[in-house]
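Asker: One structure follows; several queries about it will come next.
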Amino acid sequence: MSLDLSALSNAPRLLIQAKLKPLQGTRFQPTGFPEIGAAQYEGPNGEAMLLVESSQSLANRMEEVCWDKVANDWVRPLRDLSVIKVKDKDGKPLTNSVLEAHRINSPYILEGKDKTVFDRLKSELASMEEGFVDLRKLASVLLKLDINALLHGVFLAKKDLAGGRLRLPRALSGFIEASKVNTAASGGVKNDGVNPSGDTSKGFGNVPFARDEFVSSEIEAFFNLDLAQLRGYGFPQPVYELLVALALFKIRGFLEEGLRLRTACDLECESIEVKRPSGFQLPSWGELKAALPGLIENAKADASFEVTTVTYTSTGKARKADKDSAADGAEADDDTN
C-alpha cells in the first residue's frame, strides 16, 4: 500500500491539532515539575491555562509506541529500521537508542567500555573536527545507525566528537495543553491500621495529604513536523517519504494507544484536524501500518539501515572532562531531552 504525500510537497511544516478529553469522569492529572508542581499560567487573553504534557515528555511517549518491549525490537510495521541495542554484561537487554532520553548520545551507548558506536562516529565524522559541521553528513550517519534521532533530535555532547558541536534539532515535536482550567482540590489519608500514631518518617502512622487535579472543557494536543528540515538533509525521495510516514505513525500511534499518561490522566482523542497545509488528510492508523513495511523496503538501498548491539559495562568514575561535557550538554539540551 502507498501513501499520498503530494499535498506536503511544498509545505514547510505539517501542523496537527487533536482535541482530547478524559476517558472517564472529568478530572485529570497534568505533568508536574520539581518545586513548581503543575505548570499553570495565564493565556494571552487572560484565560487559565495548564501544561498537561511537555514537549520532552511527548517525544518520549511517541517513541514508546514504536517499540515492542517483549520482543526487544521495533513494533512489527517498523521492523528493519536502524537502531542501537544495549545489553548488560550478562547479555540481557538493557536499553536502546529509541527509548533512551538522549538517543544515540546515551551514556549506555557512548560512555561504557564498549566503544563500538563512539569509534564509529569519531571515524565517520572525523572531517568535522574543525570548520563547519556538515549537517547532511551527520544526518546520513544517523540514518544508518539511529533513524529515530533524525525526528526527535540529538546532541552529541562529547568533546572528542567535533568538539561537542554535533547536534540536530527536533523535526517532530508536540505538547498538550488545557485552557479554561479549574482546580479540583481533594485529598486523602494513608491509613495505618496497626499503629495509627507511628513514626511517619519511617512509613508508619496515618498520613493525611492534599491533592490537586484539574478540569477543563478544552484539552488539545499539538504536533509540528518540520518538513523543510527533513528536506534539507538531501536524502533521496524514498528516505524522505519514510521519515514523514514514520513521524505520522508516531503521532497516530500516540493518539491511538499512548494517551494513558498517568494513573489519574487517561485521555481519549475526540477529533484530529490538520491545520497546515490545507488539503492534506492524515492517514489512518491502519493505513500507516500497512504502508510502512513497503516504504522501509524502498528506502533500504539508500539508507543502509543497521542494527548495532553494544554491551554496557561501566568504565568507573567519569573523567572530569567527561563530566564537564555532560553538564554542558544537559544545560544546552532543552530541544533534545
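Asker: Residue by residue through the stretch 251-265, which ³J(HN,Hα) values in whole Hz follow from phi under the Karplus form 6.51 cos²θ - 1.76 cosθ + 1.60 (θ = phi - 60°), with glycine and proline marked x?
Answerer: 5, 4, x, 5, 5, 8, 10, x, 8, 8, 7, 8, 3, 9, 9
Asker: Now, a different point. Mind sorting Y233, Y41 by how few other Cβ atoms lie within 10 Å of their own Cβ, fewest first?
Answerer: Y41, Y233
Asker: Would you mind classifying the chain by shape? Square roots of the alpha carbon gyration tensor eigenvalues, ordered a ≥ b ≥ c; an a/c under 1.5 is rounded, otherwise it is prolate if a/b is larger than b/c and oblate if not.
Answerer: oblate
Asker: Can you compute 3J(HN,Hα) from phi for each residue in the stretch 40-55, using the Karplus curve 6.51 cos²θ - 1.76 cosθ + 1.60 with θ = phi - 60°, rounded to whole Hz and x for Gly and Pro?
Answerer: Ordered by residue, 3J(HN,Hα) equals 9, 7, 9, x, x, 9, x, 6, 6, 10, 8, 7, 8, 8, 7, 5 Hz.
Asker: Say R0 is 22 Å: what FRET efficiency, to the nearest 0.05, do R231 and Q281 get from their beta-carbon distance?
Answerer: After rounding to 0.05, the efficiency reads 0.60.
Asker: Shifting gears a bit: Could you sort 4-13, 93-102 so that the peptide with the highest average Cβ count within 10 Å comes first and the rest follow in order?
Answerer: Ranked from most to least packed, the peptides come out as 93-102, 4-13.
Asker: Can you tell me what share of the DSSP beta bridges in the chain is antiparallel? A percent to the nearest 5 is fine.
Answerer: Bridges in the chain that DSSP calls antiparallel: roughly 90 percent.
Asker: Would you please give the residues with an amide H less than 5 Å from that of D73, counting only those at least 5 places away or on a separate chain, with H modeled from the backbone geometry?
Answerer: Here the answer is D68, since their amide H atoms fall under 5 Å of that of D73.
Asker: Then there's this: For D199 and S123, what is the calculated FRET efficiency with R₀ set at 51 Å and r taken between the beta-carbons, to the nearest 0.05?
Answerer: Working from the Cβ atoms, E equals 0.30.
Asker: Additional query: Amide H of L20 versus every other amide H placed in the peptide plane: which residues, excluding those fewer than 5 positions away on the same chain, fall under 5 Å?
Answerer: I219, E220, A221, E270
Asker: Please rank C66, C269, fewest neighbouring Cβ atoms within 10 Å first, as an exposure proxy.
Answerer: In increasing order of surrounding Cβ atoms, one gets C269, C66.
Asker: Return the whole-Å distance between the Cα centroid of the stretch 241-257 and the Cα centroid of the stretch 203-222.
Answerer: 30
Asker: On to the next question. Using a cut-off of 13 Å between beta-carbons, work out the net charge of the residues near D88 (Lys and Arg +1, Asp and Glu -1, D88 not included).
Answerer: Here the count lands on +3.
Every number here is computed from the coordinates shown, using simple stated rules; none is lab data. Everything quoted here is computed from the prediction, not taken from an experiment. Counting neighbours? That spans all protein chains shown, and the Cβs are built from the backbone with ideal geometry, glycine included.
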